[in-house]
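Asks: My questions all concern the structure below.
The values are calculated or read from the model by the stated rules, or taken from the named source; none is laboratory data. Note that this is a predicted model, so its numbers are computed, not measured. In this analysis, Cβ positions are derived from the backbone assuming ideal geometry, glycine residues included, and neighbour counts consider all displayed protein chains. Remember, those area values only see protein heavy atoms, side chains included, never the ligands or the DNA or RNA. Shrake-Rupley method; radii C 1.70, N 1.55, O 1.52, S 1.80 Å.
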Amino acid sequence: LRGDSPYSYVCNACNRCCHGKAIRIGAYEALRLSRRLGISTTEFFSRYTEAGGTVLLTRPEDKGCVFLGPRGCTVHPDRPLACRLYPLARWIDPDGDESFGNLQPHPETAGVYGTRGTVNDYLTSQGLPLYFAMGDRYGELYDRMVSIMERIDPADNPQSRAERRAEIDELDPGIMASAWLDVDATVGAYCRERNLPMPGDVGGLVDLHLKASGAWLDALEARLPT
């Protein structure tokens, strides 16, 4: 499927898609969810994540999402990208070409598939353009991190990174694999060092989080041989 492909999907809140899934999140999603819950990102990662802070916890008794309540998603206005995109999957190839596909639905899903709009209509209705934009911004930071890691350790390669990701998936719940994901802690330290006020809004926090992370990478890169 492409952005202009005929597509529609109506969720009827059967909650069947909210079980048995590894819902991966990034720094922006953790920040949105923490503000929905009225807690810091530090507390959010400690209480609600596993796999090094990259996956939402599931309930051991039924594998339901930790945020699934009797009446459905309890954090729905700030649900992660994966939940907003469902039942679609999204791919971007190395040339930047974007495509989509349908995920395998639950055999008893109450969701209704159709062709009353387009894929882009569905994405917009789910608030995904902002999440995609944030993904692009953090993606640039991640790519820079990988590039610097490769300079620090020439043996670093896709295979070794895959092995580290596998190890991260096995970390105990509440343990963060990388402290930079913690927006409140990272921005708080950056502001204290520079005597700056802590932003009160999500957009301001994201801007400073990216700036603080970039400054850390600048300092790290400056110590590398040219």
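Asks: Accessible area of K211, 1.4 Å probe, to the nearest 10 Å²?
Replies: Roll a 1.4 Å probe over it and K211 shows about 120 Å².
Asks: Taking the 0 to 90 degree range and rounding to the nearest ten, how far is the long axis of helix 158-169 tilted relative to the main principal axis of the chain, both from C-alpha atoms?
Replies: So the helix axis and the longest Cα principal axis differ by about 70 degrees.
Asks: Beta carbons within 10 angstrom, averaged per residue: use that to sort the peptides 163-172, 184-193, 9-18, highest first.
Replies: In descending order of packing, they fall as 184-193, 9-18, 163-172.
Asks: Quick check: the angle from helix 202-222's long axis to the longest principal axis of the chain, C-alpha only, nearest 10 degrees?
Replies: Once rounded, the angle reads 40 degrees.
Asks: Which label belongs to the value computed from this structure, given these candidates for percent of Cα pairs over 31 Å apart: (i) 13; (ii) 28; (iii) 23?
Replies: Answer label, from the structure shown: (ii).
Asks: Evaluate the relative contact order of the chain (contact order divided by residue number), counting alpha-carbon pairs under 8 angstrom at least 6 apart; express in whole percent.
Replies: Once divided by the residue count of the chain, the mean separation gives 31 percent.
Asks: Can I ask one more? When the helices in the chain are scored as -39500 (n - 2.57) per DSSP H run of 4 or longer and the sum is shared across all residues, what 222 nm value do you end up with, to the nearest 500 deg cm²/dmol?
Replies: Estimated from H runs of four or more residues: -14000 deg cm²/dmol.
Asks: Compute, for W91, the solvent-accessible surface of its heavy atoms (probe 1.4 Å) with the complete set of protein chains present, and express it in square angstrom to the nearest 10.
Replies: Accessible area of W91: about 130 Å².
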